[in-house]
Amino acid sequence: MTEQTLNSILDAALKLFNADGTSRVSTNHVARVAGISPGNLYYHFRNKAEIVRALLARMIADADRAWAAAASGRGGPAELREVIAGTLEIVWTYRFFYRELAVLVQNDSILRRRYSAIRNQRLRQIEDLVHMFNAAGAMRGPEGPALDALVRLSWMVGEFALASAELDGATGKRAPIDQAIAMLFAVWRPYLTEQGSEALR
């Protein structure tokens, strides 16, 4: 599989899935937008499910880079805003996936296992961020069940806030992302120190 053909297929699929949803997009549609024959597409992907899995892999790779940058930071307000905004940009780029998450993972056991694994990894990374911000003096607490609740609420906002904004009629990405950031900071605010609260300004 040439990298150029792979990227053409995935770029076309992402554009179509975001615009119309996976159920209304066929592999023939993807091939046409990618500028290749259906036979060429099937040479690379046997079906639409494999395309969705490949897009998930690409999304994970994009997010891995954002999380790696956050983990190498100082744990201050700038890093907090950077990792949140960067992650939400990725969620918006692949918004079809989160919009259709329940159905996609229900219909594809391979996709479900892959997503479950990365979800658990991200939950651990959010917990690591909390510890990093505590160590940097940007946060105080929480611990125990409250920490678990904060981590899971943070992930849920990231997963579903932009899909919810689309239901409200949002079309551009900036307003939904800003709204999601505000929601996340509302969840984190009780634990932010004065230093951490600088991120809200």
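Out of (1) in contact with a helix residue (DSSP H, G or I) (Cβ under 8 Å, 6 or more places away or on another chain); (2) part of a helix (DSSP H, G or I); (3) of a type in the set (A, V, I, L, M, F, W, C), what's the single condition that is false for ILE36?
All conditions pass for ILE36, except number (2).
Starting from residues that are over 21 Å from ASP11 (Cα atoms) and of a type in the set (Asp, Glu), keep the ones in the range 62-119 and report whichever is modelled with the lowest pLDDT.
GLU79
Is it true that ALA136 is touching a residue at least 24 places away in the same chain (Cβ under 8 Å), surrounded by 16 or more Cβ atoms within 10 Å (Cβ to Cβ) and assigned by TED's automatic domain parsing to the domain that holds ALA182?
yes
So which of SER8, SER37, SER26 ends up being at pLDDT 90 or above, in contact with a Gly (Cβ under 8 Å, 6 or more places away or on another chain) and not assigned by TED's automatic domain parsing to the domain that holds ALA138?
When all the criteria are applied, what remains is SER8.
Out of all the residues in the range 155-175, is one or more more than 29 Å from ASP20 (Cα to Cα) and surrounded by fewer than 12 Cβ atoms within 10 Å (Cβ to Cβ)?
no
The values are calculated or read from the model by the stated rules, or taken from the named source; none is laboratory data. Only a predicted model underlies this, so the values are computations on that prediction, with no experimental measurement involved. Using ideal geometry, Cβ is built from the backbone for each residue, glycine included, and neighbour counts are taken over all protein chains shown.
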